[in-house]
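Structure first, commentary second.
Values in this text are rule-based calculations from the coordinates and carry no lab data. Just so you know, these numbers come straight off a predicted model, no measurement behind them. Heads up, the Cβs are rebuilt from the backbone with ideal geometry, glycines too, and the neighbour counts pull from every protein chain shown.
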Amino acid sequence: MKSTLEILQKHFDSSSIKTEKEDLENYGTDWTRYFNPNPVAIFFPKHIDEIQKIVLLANEHHFVLVPSGGRTGLSGAAVAKKEEVIVSFDKLNQIISYNELDQSITVEAGAITEEIQNFAKEKELLYPIDFASKGSSQIGGNIATNAGGVNVLKYGMTREWVLGMKVVTAKGEILEFNQGLIKNATGYDFRHLFIGSEGTLGFIVEATLKLTRAPKEKQVILFGIPNMEKVVKVMNTFRAELDLLAFEFFSDATVDYVMEHTHVGLPLAKRYPFYTIMEFESNNGKNTELVFSIYQKLYQKGWILDDIFGGDEQTIKHLWGYRENISSSISSFIPYKNDLSVRISNIHSFLSETEDIVKNNYPDFIVLWYGHIADGNLHLNILKPNKLSVKEFEEKCKKVNLLIFEIVKKYKGSISAEHGVGLLKKDYLEYSRSKEEIEYMKLIKNIFDPNNIMNRGKVFDT
Ligand SMILES: Cc1cc2nc3c(=O)[nH]c(=O)nc-3n(C[C@H](O)[C@H](O)[C@H](O)COP(=O)(O)OP(=O)(O)OC[C@H]3O[C@@H](n4cnc5c(N)ncnc54)[C@H](O)[C@@H]3O)c2cc1C
């Protein structure tokens, strides 16, 4: 019987396959770093036909494929640890076409998120999905995880921006979904099934994305805030009065890591327990005036303790750095990440209950909170102490997970707001989805992928 590698070498050009140890380690993992990579090879298709061919070979010879984008995922969904073949989209990364009248672009799945944003900018438009890993993440990965980011408050998740999609299913069919239409009431919309499917149903090979008007004159204001209750109150007060582009928060402890990593000073003259960063469109100064008049009232009430305003590009970039650079600043501490969400109306009670658990169970660990508070999305990061091995640390975090996820369940929240389930969260899926729902997911997977060749063991076990 031929080995998987021999099959690949027989059917594809050697320049499309990599097997060096360093490449296998690099492509076999993502930002999670809790799993040991062990793929057989990495395949770099240059054409959709080659994807179809490898899918048919995988079905015939029973090997497993792992779709791989920018590998910035935070749930181990692109990890290959069981001798799978990684299919990388690094060489399928072109912007195929731009349609001015439709205000849409069609791109290959390996197109980098930031390059799509820059292309839209050249056309004086906006592709609004934005987050710190945009320089390496790919649109295929963004769609497969239904990525969110810092502008969800105004623009929604990736799902909102996908007008059409071309896929190679796990059975090897090439299908086109929705053809770039805005309206299409002709039955089940398979596009939405593939969005957020984490590579378990097939490969996304092309996407048609909607673009929109770019905001004029963005402005940013960073506040120092005394406690989480006030963070939520400040956010709701501003939200009630104007259309915000973003409202994010981070706890004081995060600032030390960003200062150390990016060589900046404190964001404000003094330290405060929490900070928020709020972005809005100036609207010829009207919104700026409104923001300052609301700010005065909240400052007098003691809900806001200090602020710094950014009206020019450089200051805006500097202020956003305190939020956007948190993940990269703490990454060397191999943080255990929880990406939780609840309804906005439940945030305050959810947080105080979760904080009690965190304080009682992680007395010696450094715990950092930050995230997309306006979406009800909180990132809870626990940093690994040097004295613990990754395995020991993970075991300790997993025990506390159960307590935290009970609260998530109580509030009907999500154990993964935007990072996906992958390997890291699959044991906890039942805290957010019913047994019946999970059973339906498995049935759907089986229809598209009867031989279980696509990203086997991710999201759930089959
Ligand atoms: C610093 C940092 C900040 C981040 N901030 C955010 C944030 O604010 N919001 C957010 O949502 N996420 C965030 N993330 C997580 C991550 O960037 C997103 O999940 C992103 O969408 C992953 O894209 P990727 O190309 O890196 O995908 P990968 O990590 O390579 O893959 C993710 C999943 O998609 C699948 N996949 C990849 N390409 C395809 C394809 N062509 N067809 C089918 N399946 C495919 C993979 O198999 C895997 O299941 C952040 C990550 C980092 C490191």
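Miscellaneous remarks
- The angle between the Cα long axis of helix 113-122 and the main principal axis of the chain comes to about 70°, on a 0 to 90 degree scale.
- Taking the empirical scaling 2.2 N^0.38 Å for compact globular proteins as reference, segment 95-213 has a Cα radius of gyration ratio of 0.98.
- The chain: angle of helix 252-262 to the longest principal axis, Cα-based, in degrees nearest 10: 60
- Percent of Cα-Cα distances greater than 16 Å, calculated over segment 218-327: 55
- Around L125: net Lys/Arg minus Asp/Glu count, Cβ-Cβ under 11 Å: +1
- Helical content of the chain, expressed as a calculated mean residue ellipticity at 222 nm, amounts to -10500 deg cm²/dmol (DSSP H runs of 4 or more residues, -39,500 (n - 2.57) each, divided by residue number, nearest 500).
- In this label model, L56 and L403 are separated by 5.6 nm, measuring between points 7 Å along each Cα→Cβ vector.
- Estimated translational D of segment 334-437 in µm²/s (Stokes, Kirkwood radius over Cα pairs; 37 °C; 0.692 mPa s): 235
- Tilt relative to the chain, helix 48-61 - C-alpha long axis, 0 to 90 degrees, to 10: 60
- In the chain, the DSSP beta bridges split such that about 85 percent are antiparallel, to the nearest 5.
- Qualifying lysines (Cα of each under 21 Å from Cα of K183; at least 8 residues distant if same chain): K166, K210
- Environment charge at K337 (Cβ cut-off 13 Å; Lys +1, Arg +1, Asp -1, Glu -1): 0
- Kirkwood-type hydrodynamic radius, the chain: 23.2 Å, calculated from all non-identical alpha-carbon pairs.
- For segment 4-90, projected area of the alpha-carbon convex hull averaged over all directions, nm²: 5.1
- Comparing Cα centroids, segment 144-215 and segment 50-98 end up 17 angstrom apart.
- Percent antiparallel among DSSP beta bridges (both partners in segment 4-90, rounded to 5): 20
- Reported to the nearest whole Å, the Cα centre-to-centre distance from segment 261-309 to segment 371-423 is 29.
- Counting Lys and Arg as +1 and Asp and Glu as -1 over every other residue whose Cβ lies under 12 Å from the Cβ of E436, the net charge comes to 0.
- Taking θ as phi - 60° and the Karplus parameters 6.51, -1.76 and 1.60, the scalar couplings of segment 17-27 work out to 10, 10, 9, 5, 3, 4, 5, 4, 5, 5, 7 Hz in sequence order, x denoting glycine and proline.
- Rounded to whole Hz, the Karplus (6.51, -1.76, 1.60) HN-Hα couplings of segment 36-42, x for glycine and proline: 8, x, 7, x, 7, 6, 10
- Under the Karplus curve 6.51 cos²θ - 1.76 cosθ + 1.60, θ = phi - 60°, whole-Hz ³J(HN,Hα) for segment 285-296, x wherever Gly or Pro sits: x, 5, 5, 4, 4, 4, 4, 5, 6, 5, 4, 4
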